[in-house]
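Written out below as structure tokens is the structure these notes cover.
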């Protein structure tokens, strides 16, 4: 009998965790933006400095990323699936963050409203629709990639001498190609989000802090989305032959005594 909860149970727990974190995130952002009178961040001086809020907010953003990564590391059984659960958590968190902000304060008014997405290493600006598209990709990849645990043999009871097997390798040259395309897409998306900050980065921190975006380059961002979707396409294509691999994995598990 497996000592791990089922994949569906773990996805449900990660989903609940991410939704709860999204409420906390949206509540904190609501408090902060109310304090600085910036519920809609797209206005002159979008990042006013009040006391020590700036450094604290930077650390809080980093802490949020660590928490989302940690839940994925705890939920997965192998490194690839741990990252899958973390990506799933991040996507759910981002989607519900905007949903809860809408419930709490009525913003965003539309999916095309400008928002400050992150502050590290420079302010990221983009329409709300842009991070939501990325969040959907992360949810989809996380849900698909977490299925790979079904090819892992069930662990034997502690008293058994049977040795567990490694996941069935895909053994295709295409394994790393989608991730190269994905990395290129991420870099391209980051350049779009931080384009205006890059434009004034040589003029000092104060100018960067007050800079407002002028134009969002949708064609480049759509290209970035297509590149970032490459691992999803790879999993979908590979999944068409996966049922046979799973049956093979279960057969090997029975033959080796690692599956009851």
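Coordinate-derived values only; no laboratory data. Worth saying up front: this structure is predicted, and the values here are computed from it rather than measured. A quick note on method: Cβ atoms are made from the backbone with ideal geometry, for glycine too, and the neighbour counts reach across all protein chains shown.
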- In nm², what is the average projected area of the convex hull enclosing the Cα atoms of region 21-156? 9.1 nm²
- May I ask for the Kirkwood hydrodynamic radius of region 92-141, worked out over all distinct Cα pairs and given in angstroms to one decimal? 11.4 Å
- Sorted by mean Cβ packing within 10 Å, highest first, what order do the peptides 73-86, 99-112 take? 73-86, 99-112
- Give me the distance between the Cα centres of region 66-103 and region 186-228, rounded to whole Å. 24 Å
- Item | Highest average packing first - 186-199, 19-32, 53-66, Cβ atoms within 10 Å | 186-199, 19-32, 53-66
